[in-house]
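Colleague: Let me begin by handing over the structure; questions about it come next.
The values are calculated or read from the model by the stated rules, or taken from the named source; none is laboratory data. The shown structure was predicted, so the numbers you read here are calculated from the model rather than taken from an experiment. Don't worry about glycine lacking a Cβ; one is built from the backbone with ideal geometry, like all the others, and counts go over all protein chains shown.
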Amino acid sequence: ATPAEEKDLVIIGGGVAGYVAAIKAGQEGLKVACIEKRGALGGTCLNVGCIPSKSLLNNSHLYHQILHDTKNRGIEVGEVKLNLEQMMKAKDTSVAGLTKGVEFLFKKNNVEYIKGTGAFADEHTIAVNLVDGGETSVRGKNILIATGSEATPFPGLNIDEKKVVTSTGAIALKAVPKKMLVIGGGIIGLEMGSVWSRLGAEVTVVEFLGQIGGPGMDAEISKSIQKILGKQGMKFKLNTKVVKGDDSGDIVKIDVEAAKGGKEETLEADVVLVAIGRRPYTAGLGLENIGLEVDKRGRIVIDQEYRTKLPHIRVIGDCTFGPMLAHKAEEEAVAAVEFITKNYGHVNYNAIPSVMYTHPEVAWVGQNEAEVKEAGIKYKTGTFPFSANSRAKTNQDTDGMVKFVADAETDRILGIHIVGPNAGEMIAEGTLALEYGASTEDVGRTSHAHPTLSEAFKEAAMATYGKAIHY
Ligand code: FAD
Ligand code: NAI
């Protein structure tokens, strides 16, 4: 066999973490190859995650709004019909455009794209099983593992992606289910639950904890969005655990009981969405061949510079520590390449925003009130409701609020939590404020254009150090 070609950097995984690192490395003049096995670049996010889910969220929202929220606006429409096949096609078009776009960026930045499954043959060599058949291998002075994550299965339920689905099946259903049961009231459960509820399914969410939204969401905000989603028709069973499921028939039966033990009940649905979290994916990577280990939760262990105990091998994105978010993976990708080329890199893990793309959206950055309280910090809060914001009023879209959590003594912002229209865009301003160490008074004394939703952001800041004007 011919000796494997040597690169400065070999990346395993072409998801957001891997492809961003590849482009950055190309820009920095490194000889770089990126190995991806799914036949398309962009990973979970572009192919079966962020992008397809947001396409469905956007279009299902439009459909729902046209059905229920036009008459009062003076718009009378005729017969409204759902064409699910076309809605799925629109989603596929967005996905294809973006994944092809990444392939173009690879070419532009001299990244070699190897379509296949990579596994460690030794500490510097990756053996690749090519998608189109055959094998090859590539050597790397540096290697970056960016193999991502997969849905955590529910013991005893057989995921066929039709009747019992993860998010991957939930973005590709062929028909609107009559009844959908969602196990796990985190971000995936609420986003995908929203899509199918808007399209006509009767959606029930079973959540183990006493609040929805998954880790990090402020309790006050969680209560607010639960109420809003409830008005839209979603049903919630909190403090409830799924004991077992039976998916042998056409209708799936799920036994649930109170989390603390007690009352049992059997729920039935034609589609069950399992959304109880994701776990790092490192299967088949051959970590054992080079003596690398994963922790109890399957994460590859690394240091502050993303290095494993073999310092030329680094790990970023969903397959290691931190929130499983695309923009977190992207920050790490740039930092990891900079550690290789410049010996320094930086990610501020205290200022990574989270957004849930329901309607209205929920977005936050920094610590929530419970976390600040638990840390024993003296704090103050300030809120402002969208019902008192002029733009939200003109848009007739007034559910939700902005909430600041700040240090009681220094007024420095500790966290910002929003439920409301456009929260996902608005949180960028909050992230910048946090990144720059702003106080609530800094934000409150910054002019915000009128009439915009972002005035609610300014006024919530004002309410934290003083008083809001319009509430
Ligand atoms: P991945 O995107 O999972 O990419 C890893 C890639 O590595 C995969 O393509 C895989 O095929 C490849 N791979 C694995 N092993 C090998 C191997 N041995 N050889 C070759 N290739 C391999 N995050 C957000 O920030 N915003 C959102 O709106 C959002 N929405 C989401 C919606 C859903 C339904 C889901 C499931 C996730 C969502 N996420 C969102 C999370 C986001 O998708 C992940 O955080 C992000 O994709 C992580 O990027 P990654 O590169 O680490 O991993
Ligand atoms: P999650 O961690 O957000 O939520 C899982 C929920 O399931 C939690 O509330 C948990 O308490 C509950 N749960 C766990 N076991 C349970 C059980 N046996 N019975 C009932 N409830 C149970 O995980 P999710 O929603 O699966 O999403 C995975 C990850 O994907 C997210 O953490 C996020 O990182 C990423 N993601 C991000 C999105 C975004 O940024 N908009 C969108 C979708 C996913």
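Colleague: Can you tell me which residue among 230, 156 is of a type outside the set (Val, Ile, Thr), at pLDDT below 95 and away from ligand 1 (no atom under 15 Å from the Cβ)?
Modeller: Just a single option satisfies the conditions, and that option is 156.
Colleague: I need a count of the residues in region 339-358 that are more than 13 Å from ligand 2 (Cβ to nearest atom) and touching a residue at least 12 places away in the same chain (Cβ under 8 Å).
Modeller: 9
Colleague: Another question about this same structure. Is there a residue in region 438-447 that is under 22 Å from residue 355 (Cβ atoms) and in contact (Cβ under 8 Å) with a residue 60 or more places away in the chain?
Modeller: Among the residues of region 438-447, not one is under 22 Å from residue 355 (Cβ atoms) and in contact (Cβ under 8 Å) with a residue 60 or more places away in the chain, which makes the answer no.
Colleague: Inspect all residues belonging to region 113-129 and state whether any of them is buried (at least 18 other Cβ atoms within 10 Å of the Cβ), hydroxyl-bearing (Ser, Thr, Tyr) and assigned to a helix (DSSP H, G or I).
Modeller: So far as region 113-129 goes, no, none of its residues is buried (at least 18 other Cβ atoms within 10 Å of the Cβ), hydroxyl-bearing (Ser, Thr, Tyr) and assigned to a helix (DSSP H, G or I).
Colleague: Tell me which of these residue 144 doesn't satisfy, since it passes every other one: (1) loosely packed, with under 14 Cβ neighbours inside 10 Å; (2) within 27 Å of the chain's Cα centre (by Cα).
Modeller: Going through the list (1) loosely packed, with under 14 Cβ neighbours inside 10 Å; (2) within 27 Å of the chain's Cα centre (by Cα), residue 144 breaks only (1).
Colleague: Here's something else I'd like to know. Scan region 272-284 for residues that are over 21 Å from residue 329 (Cα atoms) and away from ligand 2 (no atom under 16 Å from the Cβ) and jot them down.
Modeller: Residue satisfying the conditions is 284 alone.
Colleague: From (1) away from ligand 1 (no atom under 16 Å from the Cβ); (2) surrounded by fewer than 23 Cβ atoms within 10 Å (Cβ to Cβ), pick out the condition that doesn't hold for residue 198.
Modeller: Only one criterion in (1) away from ligand 1 (no atom under 16 Å from the Cβ); (2) surrounded by fewer than 23 Cβ atoms within 10 Å (Cβ to Cβ) is unmet by residue 198, namely (2).
Colleague: Within region 380-397, count every residue that is surrounded by 19 or more Cβ atoms within 10 Å (Cβ to Cβ) and without any contact (Cβ under 8 Å) to a residue 40 or more places away in the chain.
Modeller: 1
Colleague: Next up: Only one residue in 387, 439 is more than 24 Å from the chain's Cα centre (by Cα) and within 30 Å of residue 334 (Cβ to Cβ), so which one is that?
Modeller: 439
Colleague: Of all residues in region 306-336, count the ones that are in a helix (DSSP H, G or I) and either near ligand 1 (Cβ under 8 Å from one of its atoms) or crowded, with 24+ Cβ neighbours inside 10 Å (or both).
Modeller: Residues meeting the conditions: 10.
Colleague: Kindly indicate the residue of region 38-49 that is touching a Ser or Thr at 6+ places or on another chain (Cβ under 8 Å) and in a helix (DSSP H, G or I) and also nearest to residue 147 (Cα to Cα) among those meeting that condition.
Modeller: Top of the filtered list is 44.
Colleague: Considering only region 50-60, I want to know if a residue exists there that is away from ligand 2 (no atom under 16 Å from the Cβ) and in contact (Cβ under 8 Å) with a residue 60 or more places away in the chain.
Modeller: no
Colleague: Please identify the pairs in which a residue from region 8-37 that is on the phi > 0 side of the Ramachandran plot and in contact (Cβ under 8 Å) with a residue 12 or more places away in the chain has its Cβ atom under 8 Å from the Cβ atom of a residue that is among the aromatic types (Phe, Trp, Tyr) and surrounded by fewer than 24 Cβ atoms within 10 Å (Cβ to Cβ), counting only partners at least 6 apart or on another chain.
Modeller: Matching pairs, first to second residue: none at all.
Colleague: A follow-up question, please. Select from region 417-471 the residues that are among the β-branched types (Val, Ile, Thr) and out of contact with any strand residue (DSSP E or B) (no Cβ under 8 Å at 6 or more places or on another chain) and write down the one among them that is surrounded by the fewest Cβ atoms within 10 Å (Cβ to Cβ).
Modeller: Filtering first and then ranking leaves 469.
Colleague: Something else: Within region 282-296, does at least one residue satisfy the condition of being touching a residue at least 12 places away in the same chain (Cβ under 8 Å), surrounded by fewer than 23 Cβ atoms within 10 Å (Cβ to Cβ), within 16 Å of ligand 1 (Cβ to nearest atom) and within 18 Å of the chain's Cα centre (by Cα)?
Modeller: no
Colleague: Same structure again: Which residues, taken from region 217-235, are crowded, with 21+ Cβ neighbours inside 10 Å and either out of contact with any Phe, Trp or Tyr (no Cβ under 9 Å at 6 or more places or on another chain) or part of a loop (DSSP other than H, G, I, E, B) (or both)?
Modeller: Correct list: 217, 218, 222, 224, 225, 234.
Colleague: What number of residues within region 157-202 are farther than 22 Å from residue 363 by Cα, of a type in the set (D, E, K, R) and part of a helix (DSSP H, G or I)?
Modeller: 0
Colleague: Of (1) free of Cβ contacts under 8 Å to residues at least 40 places away in the same chain; (2) part of a strand (DSSP E or B); (3) not aliphatic (A, V, I, L, M), residue 303 satisfies all except one. Which?
Modeller: The failed condition is (2).
Colleague: Just checking, which of 243, 203, 165 is at pLDDT 95 or above, out of contact with any Lys or Arg (no Cβ under 9 Å at 6 or more places or on another chain) and β-branched (Val, Ile, Thr)?
Modeller: Result: 165 is the single residue among 243, 203, 165 that is at pLDDT 95 or above, out of contact with any Lys or Arg (no Cβ under 9 Å at 6 or more places or on another chain) and β-branched (Val, Ile, Thr).
Colleague: Related question: I'd like the residue in region 122-153 that is near ligand 1 (Cβ under 10 Å from one of its atoms) and either of a type in the set (S, T, N, Q) or in contact with an Asp or Glu (Cβ under 6 Å, 6 or more places away or on another chain) (or both) and, out of all such residues, is farthest from residue 23 (Cα to Cα).
Modeller: Only one residue fits best here, namely 129.
Colleague: Where the second residue is at pLDDT below 95 and near ligand 2 (Cβ under 7 Å from one of its atoms) and the first is over 13 Å from residue 362 (Cβ atoms) and part of a loop (DSSP other than H, G, I, E, B) and lies in region 205-216, which pairs have Cβ atoms under 6 Å and are six or more apart or on separate chains?
Modeller: 208/241
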